[in-house]
Amino acid sequence: MGLFDRLLGGSKPVSVTNNQAKPAKQEEAFFLDADASSSMGDVNFMRRSNTIRHTFPGTASSPGNKEMIDEVASMTSRREMATPGLGGEVEKSVETDLTGGVPKPVKKTFAEQMSKAELDQRMKGSAVGVNVPGGPAVIKAQKEEQQASQVQSPTGNQPTAKPGDIGAFKGWVKDL
């Protein structure tokens with residue numbers, strides 16, 4: 001007796017004493033109708049329709065309480081009533097076009113050249129120098145100082161440097 005003899009069926013010999021097969025019984029055919037043969041449970045319960053009512057709060061754009069009533073059965077579903085303003089519904093609005101398809105003329109927004117006098121006139125406003133400490137009074141004092149310095153040195157004793165000249169940086173390096 002081995003460990004796997006019981007599983008493999010080698011423990012008991014099978015003997016066949018009757019070699020003749022038993023005659024099959026003649027049975028009459030038996031059919032069930034569709035409701036009785038199904039194993040889904042109570043078919044009448046599943047076939048009945050249920051009314052489901054959903055209520056929703058309104059929104060700022062569509063105030064008031066909203067309601068939706070659906071009639072649901074096992075195979076069909078239909079919406080009986082839905083309050084206007086619920087999602088999923090697209091309201092078609094009729095737009096009346098009085099122009100007859102003629103487009104509006106395009107407004108041209110090209111920049112125009114401004115003369116120096118016009119620029120100076122626009123810069124006289126109080127908006128210029130708003131973020132400057134001291135305001136317009138300080139700006140006026142600076143302009144007067146610039147005019148006074150131009151009157152005193154019209155020829156200019158200081159050499160003017162070209163843009164990108166690094167002479168000032170060379171002087172700083174020599175001082176170090």
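With a 10 Å Cβ neighbour count serving as the proxy for reagent exposure, in which order, fewest first, do D70, D120 appear?
Values: D70 16, D120 10.
With the sparsest Cβ surroundings first, the list reads D120, D70.
Between E67 and A36, how many nm apart are label points set 7 Å from Cα along the C-beta direction?
Here the answer is 4.5 nm between the modelled labels.
What FRET efficiency comes out for E27 versus E80 if R0 is 41 angstrom and r is the Cβ-Cβ distance? Round to the nearest 0.05.
Numbers: r = 51 Å, r/R0 = 1.25.
For E27 and E80, the calculated efficiency is 0.20.
Arrange the following residues from fewest to most other Cβ atoms within 10 Å of their Cβ: D165, D33.
Working: D165 10, D33 7.
By the 10 Å Cβ count, ascending, the order reads D33, D165.
Calculate, for E145 and A117, the FRET efficiency according to 1/(1 + (r/R0)^6) with r their C-beta to C-beta distance and R0 25 Å; round to the nearest 0.05.
Details: r = 24 Å, r/R0 = 0.95.
Efficiency, rounded to the nearest 0.05: 0.60.
If the reach is capped at under 19 angstrom between alpha carbons, list the aspartates and glutamates near K92, excluding any in the same chain fewer than eight residues apart.
Output for K92: empty list, no partners.
Subtracting the Cα-Cα distance from 0.36 nm times the residue separation, let me have the gained length for I166 to A60 in nm, one decimal.
On the way: separation 106, 0.36 × 106 = 38.16 nm, distance 6.60 nm.
Roughly 31.6 nm would be gained on extension.
Read-outs: derived from the displayed coordinates by stated rules, not from any lab. As the structure is a prediction and not an experimental result, all values here were calculated from the model. Positions of Cβ are generated from backbone atoms using ideal geometry, with glycine treated the same way; all protein chains shown enter the neighbour counts.
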